[in-house]
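Working notes for the structure below.
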Amino acid sequence: MGARDTTDTSVFMPLDSYFQQIGLRRSILLCQLPLSAAILLIVALTALFSPATLHDQLFLLILLVHGLIFVVCLLAPWNRLPAGSFAVIPILDSLAVGLSREAGGPVLSVAGLLMVLPVAWLAVSTSKTRVLLAITAALSGTLLPPLVLGYIPKSSDLVRVVVFPTIMGVVAVTAHLVARAVKRHRAGMERKDRELERVYEQSRQRQRLLDGVLETVSVGVWVLDAHGEAILTNAPGRQALAQAPTTHQGPGPSKPTNCPENTGTKSPLNRAISGEEFSDELFWVGSGEARKAYSTTARALHNDDGRRVGSVVAFTDVTSLIQAMSVKDKFVATISHELRTPLTSILGYLELMLDDLDPAQAPGQLAVIERNARRLLALINDLLLVASDRRDLNIQPTHFANILEQAVKAATSGASAKGLQIRTDIDSPLPARLDPDQILQVVGNLLSNAIKFSPDGSGEITLTARCNGAGLVCAVTDHGIGMNEHERNEAFSKFFRADHAMNTALPGAGLGLPISKAIIERHGGSISLTSAPGAGTTATFTIPTDTTTIE
């Protein structure tokens, strides 16, 4: 009830917080007020229906006692009194109610029911002492008034003398048990509230951490729910799509209400809304000098039941990388063009000199010059080819077996110089529609790599070719040094060279496999490598039988 009662300060537990706000004196007055109001109502009813009772001096004296008790509640220095001293008020109330009932006679016998108010006031507590006080108050309010008024209860009144305090005792115990249950429930609710507050604070901290991370990283993020609504974004993600108005194509909601996208295209967000997943796909935003390129990745979000509940789309700005690659290709193309022009003139005049000389008299130095010049020209042509965005094909009917035979014939001298043999297993004639010159270059590159990375005298190189119904399948297998996983993954990257090639100074620019891959894919096919360190390498490419639709 007040700040000084450290065991149980409540005057009525469910209202503890309110009573603590208004103070101890007002709390006691509020608890006393129902009984005082009831006494005033009884006085009014008595004046109306039994005026003679108001002329009873004893009755008036008892009313004065009620008044004095209220005045004590109002004026007593409760904050300076011992803790729990307010309990004397409901005890006095019980005695005053008992006196009122006895003094009022049969007319006011029902007034004894008002004793439930002071009894409940004392009993509504978790303190067992208060319960005993409540029972004591009920007994004193029943037994003491007859003695105070100077008469002994009749035998007919003994039932009332015994039953009434018993009922009040039951009320006190019930109120006490209810109070304890309420307090336990409230304590449990407070613990849950504290736990919820702690969890909420942790959630807020995690949210602040997530917001800080998302706003710090350079990767744009959009998190969408199952209906296409954006539930989480960051500044790079919003910037990635700021220039693209909203549109939607395909299944799903007709329009994501707060997700901007590319006009006229099925953008990454629309694709994610329809449940699609993809990785590292290029997405352009804007136009002119402000145009930007983003590498986009989308993944679906699922609940515990496996049902899709949303998607996450990530945007990585790769504009600088795309521009750097473009500048690199332009640089390679420009340099290659500049190198090829004087080299072509050198080779032209060299051929004229060789034509004018008797082959028997031609110095060996001129032959070396011509061989190295042609090798340099081939390298420059490869640079031009790898820097080109488009490789035109000269598709024509041909026999694939003939192309393979030419490639083997051209590679035989190099293989023999290292003590290697090229064994062929080719179905003939393998008719096809393709670009003979470019496919010849692919097979030549694969055979050249097999020879280059096979130690001297390490056995044979196998060339196989079949038609499996869906297309032509060609494989070149060696028993050389092989490649590790990293080298296999990077083998088709431009200018990549394995550590062994660098350490042993093997000739090459790392362009053979990238060029071969581009040519095969241009034919609508695919190429792959199977290799392990020390176990050799097998390069396999497949070309569809019908290439007439290739542009």
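The values are calculated or read from the model by the stated rules, or taken from the named source; none is laboratory data. Just so we're clear, the structure is a prediction, and the values are computed from it rather than from any experiment. Reconstructed Cβ throughout: ideal geometry from the backbone, glycine too, with neighbour counts over all protein chains shown. What goes into the accessible areas is simple: the full protein's heavy atoms, side chains included, and nothing from ligands, DNA or RNA. Shrake-Rupley method; radii C 1.70, N 1.55, O 1.52, S 1.80 Å.
Observations on the model:
- Exposure of VAL110 as accessible area (Å², to 10), given a probe of 1.4 Å and all protein chains: 100 Å²
- Once both labels are positioned 7 Å from their Cα atoms along Cα-to-Cβ, the gap between THR129 and ARG26 label points is 2.8 nm.
- Rounded FRET efficiency, nearest 0.05, which uses the C-beta distance separating SER203 from ASP392 and R0 of 60 Å: 0.50
- Accessible area of the range 29-150 belonging to carbon and sulfur atoms, whole % at 1.4 Å probe: 78 percent
- Whole-number D in µm²/s for the range 67-210 (Stokes-Einstein; Kirkwood sum over Cα pairs; 25 °C, 0.890 mPa s): 138 µm²/s
- Formal net charge of residues neighbouring GLY275 (Cβ-Cβ distance under 12 Å; K, R +1; D, E -1): +2
- Residues of the range 52-205: accessible area per residue with a 1.4 Å probe, Å²: 56 Å²
- Taking Cβ atoms as reference points and 13 Å as the exclusive limit, the residues near ARG308 contribute a net charge of -3, counting Lys and Arg as +1 and Asp and Glu as -1.
- Links that overshoot a 21 Å alpha carbon limit, given the list LYS418/LYS494; LYS494/LYS517; LYS418/LYS517; LYS409/LYS494: LYS418/LYS494; LYS418/LYS517; LYS409/LYS494
- Centre-to-centre separation between the Cα atoms of the range 429-454 and those of the range 54-111: 116 Å.
- Mean Cβ neighbour count within 10 Å, used as a protection proxy, ranking 38-48, 141-151, 472-482, 190-200 highest first: 472-482, 141-151, 38-48, 190-200
- For the residues THR129, THR464, a 1.4 Å probe over the protein chains yields an accessible-area ranking, largest first, of THR129, THR464.
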